[in-house]
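The structure appears right after this line, and notes come after that.
The values are calculated or read from the model by the stated rules, or taken from the named source; none is laboratory data. Remember, it's a predicted structure, so these values are computed and weren't measured experimentally. Using ideal geometry, Cβ is built from the backbone for each residue, glycine included, and neighbour counts are taken over all protein chains shown.
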Amino acid sequence: MDGLNGKTFFISGASRGIGKAIALRLAEAGANIVIAAKSIVENEKLGGTIFTAAEAVEKHGGQALAVACDIRDEAQIAEAMRQTIERFGRLDGVVNNASAIHLSPTVLLEPKRYDLMMDINVRGTFMVTQAAVRLMKNNGGGHVLTLSPPLPLKPEWLAPYPAYALSKFSMSLLSAAWAKELAKDRILVNTLWPVTTIATAAVRNILGGEGLIARSRHPEIVADAAYFILKDTQPENTGQHWLDEDILRKNQIEDFEKYAVTPGGELQRDIFI
């Protein structure tokens, strides 16, 4: 056990993939985890529900609360936060992991796809953070960690998929603003992004199938990086835009081979790296 023992973290989109991996890593440190996601019935292509994720959290040593929550709906966010306090009595951190992706150039993007990415990635992240901050102020501090790309951005990262890039970099810009705004409340705000593609359902089903999965890393690399960010309560640990490899190196972890889906194989760099 360490500094996370008994602390409570709200993780959006935690029923599978990176969100679930972060939940399990924090559970190993004794944290309470709120699994907030839409998945209450398993989808064969995606796998996992809030209930299976909660069960896994408890097997890894943490306490779990599974809450059905669509972060596009502020009423559902409010209810999820209410249940968090009812169950655990406090909130110490939020991980903004839920995200929508559609890689399309400008002329081919459907309006509904644009709206979905903006509603989840930007508006949803804002509303979840707003609700979480209100609770964390009661504790005298906390953490906001958002899964979004590093700043400053480069034009070549924006050009291929402008709408998706706009939504993800907006999350990073919000985090930069929150780091300044919330410093007086001792709420630390950072972002985290992987150097390579990560083996998730989105990568398999949307981006590149099994071929891209083979060139990816397991979600545990992001989870380990998130763990080190969230356990650090030093005031200077805010306003940072971390890459997973960089935060691991800072904590004396240099062996990344264990995270590779194909040990020794070629890795695919992320589109924003």
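Below, the figures for the structure above:
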quantity	calculated
Matching entry among Ile271, Ile221 (being in contact with a Phe, Trp or Tyr (Cβ under 8 Å, 6 or more places away or on another chain) and not in a helix (DSSP H, G or I))	Ile271
Filter pass, Val57 being at pLDDT 95 or above, surrounded by 23 or more Cβ atoms within 10 Å (Cβ to Cβ), within 25 Å of Val222 (Cα to Cα) and in contact with a His (Cβ under 9 Å, 6 or more places away or on another chain)	no
Residue match in segment 79-89 (condition: within 16 Å of the chain's Cα centre (by Cα) and either over 30 Å from Ala159 (Cβ atoms) or modelled with pLDDT of 95 or more (or both))	no
Unmet criterion (only one of (1) touching a Leu at 6+ places or on another chain (Cβ under 8 Å); (2) under 22 Å from Ala177 (Cα atoms)) for Leu207	(2)
Residue in segment 116-123 that is free of Cβ contacts under 8 Å to residues at least 40 places away in the same chain and either within 24 Å of Pro219 (Cβ to Cβ) or in contact with a strand residue (DSSP E or B) (Cβ under 8 Å, 6 or more places away or on another chain) (or both) present	yes
Evaluation of Gly239 against (1) crowded, with 16+ Cβ neighbours inside 10 Å; (2) not in a loop (DSSP other than H, G, I, E, B) (one fails), failing number	(2)
